[in-house]
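Some notes on the structure that comes next.
The values are calculated or read from the model by the stated rules, or taken from the named source; none is laboratory data. Owing to the predicted nature of the structure, the values given are computational and were not obtained by experimental measurement. Quick reminder, even Gly has a Cβ in these numbers, built from the backbone with ideal geometry, and neighbours come from all protein chains shown. These area figures cover heavy atoms from the full protein model, side chains too; ligands, DNA and RNA do not enter into them. Shrake-Rupley method; radii C 1.70, N 1.55, O 1.52, S 1.80 Å.
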Amino acid sequence: MSTQTKVQTSSAPSDEHGPEFYKQRFQTAFQRHLEFSLAKDKYSATSYDKFLALCYAARDRLIQRWIKTQQAYYSQDVRRVYYLSLEFLMGRSLGNSLINLGLWDTARAAMYDLGLDINDMLEQELEAGLGNGGLGRLAACFLDSMATLELPAYGYGLRYDYGMFHQKIRNGFQEEHPDNWLRSPNPWEISRPEYTVPVHFKGRVVSRKNDKGSLVFDWIDTEEVLACPFDTPIPGYGTHTVNTLRLWSAKSAEDFGLNYFNSGDYLDASKDIALAESITKVLYPNDSSMNGKELRLKQQYLLCSATLQDILRRYKKFHRDCGNLAEKVALQLNDTHPTIAIPELMRLLIDEESLSWEQAWDITTRIFAYTNHTLLPEALEKWGVDLMSALLPRHMQIIFEINYRFLKQVSWKHPGDTDRLGRMSLIEEGPNRSVRMAYLAVVGSHAVNGVAKLHSELLQTRVLSDFYEMTPGKFHNKTNGITPRRWLLKANPPLAALITEKIGPEWAKDFARIKDLEKFAEDPEFIKRWQEVKRLNKQALSDLIRYVQNFETRPEALFDVQVKRIHEYKRQALNVLHIIHLYNEIKSGRAADMVPRTFIFGGKAAPGYFMAKLVIKLINSVAEVVNSDPDSRRLLQVVFLEDYRVSLAERIFPASDLSEQISTAGTEASGTGNMKFAINGALTIGTLDGANIEIRQEVGEENIFIFGLTTEQVREKKAAGYNPREYVERDPRLGAILNLFRTAHFSPEDPGLFTPFIDSLLNQDEYMLLADFSDYVACQQKVSELYRDPDSWTRKAILNVARMGYFSSDRTILEYNRDVWHATPTPITLSGQE
């Protein structure tokens, strides 16, 4: 499937040569790579070969700028920002690179003259399977912004052989299939074997006195693994800056066991290699077993150790000792996963660089900053002391020492408060002692932030309140943002073109300028053109759904969309309860003026998360009934789009009318899907949770649909003893919904299938679906009333887009740099035909 669309480029080539010259030059590069890089001609080249040749032609331009960027960073000895993340959900790179390079129109015309459709070629790209959801996509947006803002910055992560699984829906159930995203050549990565570093595990620690009489520690008898780097260029938009994402791949330090092989023991011959390479084999291996836990910790340590060795190598090119390290390095921890970097840097500075504890700790705490991404206690990472001691014995020693010194400070400030010491200890005591990694991240960092105002407030008043009380100046907020290049310019070319026509192209780099769109919200002609863009986008998504799922959707219906990771706190099940309520209204003859709706879901459940996987089955079972019932299918449609990913999101957001952001108040850290929907002209229905609060502040209360309990009300109800059954007794609509489950209406082939879901709802209702149901239904009725007035709906959609300037990741990164990193922007200049 393809559609010819015009995408605004950052800057067309501008010198004495015209567009024809650059088109022909690009064609020449494409044909040269097809022949000399791929050894193909026009007769033997496959579609993927042509895609690769197009990538290589674009990459040539990237590499020129990439080299210049690194030269500038070295020649100016700049302070550099290092962003450590276990996830980078990059999406497809070709279209984004062409746009950021200012080559989209040139490349499209060049391919067209060769009889090729660039949109078809874009579909050949396999998405890098390096992330799970919002955490990894945020990291990708940040990399785009750092390059666009010309900051000397690097991303560091792991090069997983198998990323987040491919999701298939079979009989309504999720099935997980391997995501072998490296099965075909990846045109964007460059192997850097010369920068391979050793990483050590296990072994033992021995102490001795050095020649100065000081006690030193040696970590010996270790198992060694090699971390091999692969670099991906990250181009900025409208700049010449091309930064680097470096990903580490684990390789065995042992040679192939030829003696075993020759003796016929083929398995033992490659056993060590397989064990070493398993570290970066799969994104987030199942950690329900001890082996799985060990593998996850190995992943985290390999990322951190290899990265810090790389940072020190780069630093030492111009500096004899590490005394100035904190002036040249800023290191941001994206969630708790890379927290082991704190004791690792201490180990390197003390054991390898011979610094004192005090010197090393001062440098470490001035380098590290920590971003927290969760309020859920179960998501605050902990590692067993026994596991840590066995796998990283020197680091466990260092963590104990950090904890001892920290608790002394706590006791000095709060003498006699033993409860506080227990609460704040980095070690959680009990039968199975564990290391509280979030606490270690807070203690070892000079800056700690949440990712939305409410989230940061809850960190300070609840989750990390003791630490905030002790060092309040360390805590701050950095509300998340998204890159408008990926999520509007690339994802929604028709809307981007309409916006550019009205307010000029500068908004893509300075998203605050989107505010200029507001004056057109009352323009009847502009409203009609906006509606036409939305209609085209909805038709395109309908065509895609028909193509991939053989299901006809109606573009004239309200597209009510909830796409995100499947989790109980995100409350996809509340959405389903509303659908069942509407179904009951239709069956009861109370739907004479009901607004037709198409409910669209998408998202993956963690393989071991039973209840989330049951919710996927619930959505699909309800869809089967609603879509096949002659009474309901003319008014309601339910679609679950399998294998939700970045490229699919780029199709969904532009077509959405209503964005479902309905998590229980106080559970979502921020959310960024809410922002992606809003900048594409969808109105939001949501709770006062995460960044929804700030979106409401920006777009205006009259332009968003807010319902449900507040964070404080949720806390009060739970403290008073929340009884979900009271809401069922009070609301006959809930009783009617539950009756359909009792009669197995949605699972006649397996009457007890949804019993665990109903039992959980009636006996715990941890995320308070029943408490919010009535208000949610009433709010949805307001949505329907507004949708009946297309012009009023469109005015609010225009205002939503016009008032979303605050939610650019450029703004977020500027705030990080202003308050935390203090790096100096470093413009890159090119000369001649570069």
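For the chain, the membrane-span-like helices by this rule, meaning whole DSSP H stretches whose C-alpha atoms cover at least 24 Å of axis and whose Kyte-Doolittle mean is 0.5 or above, are 610-628; this says nothing about an actual membrane. Judged by the ratio a/c of the largest to the smallest principal axis of the C-alpha gyration tensor, region 755-834 counts as oblate, that ratio being 1.5 or greater while a/b is no larger than b/c. Only DSSP H runs of four or more residues enter the estimate; each adds -39500 (n - 2.57), and after division by the residues of the chain the mean residue ellipticity at 222 nm equals -13500 deg cm²/dmol. Whenever you get a sec, compute what percent of the accessible area on region 431-526 sits on carbon and sulfur atoms (1.4 Å probe). Answer for region 431-526 is 50 percent, counting heavy atoms of protein chains only. To the nearest 10, the accessible area of residue 365 is 30 Å² with a 1.4 Å probe. Annotation: residue 386 carries an accessible surface of approximately 130 Å², with a 1.4 Å probe and no ligand, DNA or RNA atoms counted.
Neighbours of residue 587 by Cβ distance under 11 Å: Lys/Arg scored +1, Asp/Glu scored -1, total -2. Largest first and in whole Å, the equivalent-ellipsoid semi-axes of region 276-430 read 25, 24, 14, each the square root of five times a Cα gyration tensor eigenvalue. For the chain, averaging the sequence separation of C-alpha pairs within contact (under 8 Å, six or more residues apart) and dividing by the residue count gives a relative contact order of 14 percent.
Using the 1.4 Å probe convention, the accessible area of the chain works out to 39 Å² per residue with neighbouring protein chains retained.
Largest first, the residues 541, 275, 799 sort by 1.4 Å accessible area into 275, 799, 541.
Relative contact order, whole percent, for region 557-681 stands at 36, derived from Cα pairs under 8 Å and 6 or more residues apart. Highest mean packing first, where packing is the average number of other Cβ atoms within 10 Å per residue, the peptides 517-526, 461-470, 668-677 line up as 668-677, 461-470, 517-526. Using the Cβ of residue 761 as centre and a radius below 11 Å, the other residues enclosed give a net charge of -3, where K and R count +1 and D and E count -1. Peptides 440-451, 603-614 ranked from most to least packed give 440-451, 603-614, packing being the mean of other C-beta atoms within 10 angstrom over each peptide's residues.
Can you list the lysines whose alpha carbon is less than 17 Å from that of residue 382, not counting same-chain residues fewer than 8 positions off? Output for residue 382: 293, 298. Straight-line reach from residue 474: taking Cα to Cα under 19 Å and skipping same-chain neighbours fewer than 8 places apart, the aspartates and glutamates in range are 327, 335, 362, 457, 466, 815, 819. Annotation: lysines with alpha-carbon distance below 23 angstrom to residue 42 (same-chain offsets under eight excluded): 23, 50.
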